[in-house]
Amino acid sequence: MENEGKYTTIHYQKYLALDELLNAQNLRSEQLGKPAHEEMLFIITHQVYELWFKQIVHELESVIAMFQKDQIDESNLGNAIGRLDRIERIMQLLIDQIGVMESMTPLDFLDFREYLFPASGFQSFQFRAIECLLGLPDMTRITYHNTRYNSVFPDDQKERLAQIYNDGTLFDWVNKWLERTPFLKFGSFDFIKNYKKAVNVMLEKERKAISASEYLSDDEKVKRLEMVGGTDTYFKAILSQENHDQLVKEGKKRLSYQATLAALFINLYRDEPILQLPFQLLTNLIDIDDLMTTWRYRHAQMVLRMLGNKVGTGGSSGHEYLAETARIHKIFADFHTISTLFIPRSALPVLPDEMKKNLSFHFTQNL
Ligand code: HEM
């Protein structure tokens, strides 16, 4: 095309397909001759959610593609973070929107609820796609009446959801990316060896301080020393690859041992310039998980207010089922719990000078 579409005429109404969009609110209550004022709000709220879900899917697919193509260099990491930031802002909006829905009273809802059976949010394909793209583990999903989450979709949508898991979720790709993180071994410096030593030094100091304390009674000293012993055992168990792999096998952890060490390293030395963006990315993932949980919780509370203990139109126990998903459906829990392994900055192993130089940005100027 000669002018590359720059000065063609497109009207606002057409460009945004407003004819279709603004004529897509079909109130069941009106069709059945018993118009219910609040049904418009109910439909529009759901439609707005679905539009934002579409945007989230769009962002997630693009971020995953960057990881898949192994394009996660410094410039792309910034792009990925920008898109994850955007997802967070949208999710915040989705949480706030529950307040708009709640401006409808439970009694008003009953004016049209009976016309909705068996439609349910349980049938939102895009919501499931978001969960899958992020990497909600399939086997930990809560079911009701033994109904699998994907059983409500036609075959092509079922296949699409299975394909997301096959191609690798955001969780899987971040895991792989972390496994490739350099610096865990640098020349003769072995991060994990030094870290274990630092943990021992810290715990030994703690033991000495307890034994020397003038304020603690003998009984209290025994109890506190036992607690330090517990911490010691805990660190030893977690920092050993064998134990970690066992936890992964049992489904208690998902992040591989190597990826966990990399995430630990990034968190501990996040002040080093090169680690700032990776640290930001890990923080984004934790934020997104928290926002998902907050949405689930707020939605469950809204359902309690609207329905009390009535069952859902999709056949679940309603509030009880939804509250359980808020508790169990976590995606990046391993990034949350990494802080269990932190020790104070003052006790951290000092990085060799050469390594520190590699972790900082170099600017050379030829004068
Ligand atoms: C009056 C408002 C609402 C009520 C009473 C309500 C009720 C419910 C109930 C009872 C369920 C459990 C499944 C079932 O048995 O049907 C559910 C699931 C769900 N709802 Fe809502 N909902 C409301 C608004 C919304 C809105 C505005 C959205 C936005 C898209 C939404 C999205 C979902 C999703 C995605 C699920 C599946 C959650 C999961 O299985 O993890 N709901 N809803």
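Details
- Tensor-based shape of segment 175-287 (alpha-carbon gyration tensor, a/c under 1.5 rounded, otherwise prolate or oblate): prolate
- Rel. contact order, % - alpha carbon contacts under 8 angstrom, at least six apart, segment 189-307: 13 percent
- Between Val48 and Gln301, the FRET efficiency estimated from the beta carbon spacing at R0 = 25 angstrom works out to 0.80.
- Label-point gap, in nm, between Thr231 and Met139 - each point 7 angstrom along Cα→Cβ: 3.4 nm
- Segment 1-145 - percent of accessible surface contributed by carbon and sulfur, probe 1.4 Å: 55 percent
- Charged-residue dipole, Cβ positions (Lys, Arg, Asp, Glu), the chain about Cα centre, Debye nearest 20: 840 debye
- Surface per residue (accessible, 1.4 Å probe) for segment 120-269, Å²: 55 Å²
- Total lysine pairs whose alpha carbons fall under 16 Å of each other in segment 196-348 (8 or more apart, or interchain): 9
- The peptide list 204-216, 311-323, 346-358, put in order of mean Cβ contacts within 10 Å with the highest first, becomes 311-323, 346-358, 204-216.
- For segment 252-367, the carbon plus sulfur part of the accessible surface works out to 55%, probe radius 1.4 Å.
- Within a straight-line Cα-Cα reach of under 16 Å, Lys357 can be paired with the following aspartates and glutamates, leaving aside sequence neighbours fewer than 8 residues apart in one chain: Asp271, Glu272.
- Using C-alpha pairs below 8 Å separated by at least 6 residues, the relative contact order for segment 73-223 is 16 percent.
- Shown here for segment 1-97: GluC sites (Glu not before Pro) in loop regions (DSSP other than H, G, I, E, B) with at most 10 other Cβ atoms within 10 Å, namely Glu2, Glu4.
- Local electrostatic count, Leu359, Cβ distance below 12 Å [Lys/Arg +1, Asp/Glu -1]: -1
- Whether segment 291-367 is rounded, prolate or oblate, judged on the alpha carbon gyration tensor where a/c under 1.5 counts as rounded: prolate
- Cα gyration tensor shape of segment 56-119, rounded if a/c is under 1.5, else prolate or oblate by comparing a/b with b/c: oblate
- Thr181-Asp73 pseudo-label distance in nm [points 7 Å out on the Cα-to-Cβ vector]: 2.1 nm
The values are calculated or read from the model by the stated rules, or taken from the named source; none is laboratory data. Predicted, not measured: the structure shown is a model, and the values here were computed from it. As a convention, Cβ positions derive from the backbone with ideal geometry for all residues, glycine included, and neighbour counts pool all protein chains shown. Side chains included, ligands, DNA and RNA excluded: accessible areas come from the protein's heavy atoms. Shrake-Rupley method; radii C 1.70, N 1.55, O 1.52, S 1.80 Å.
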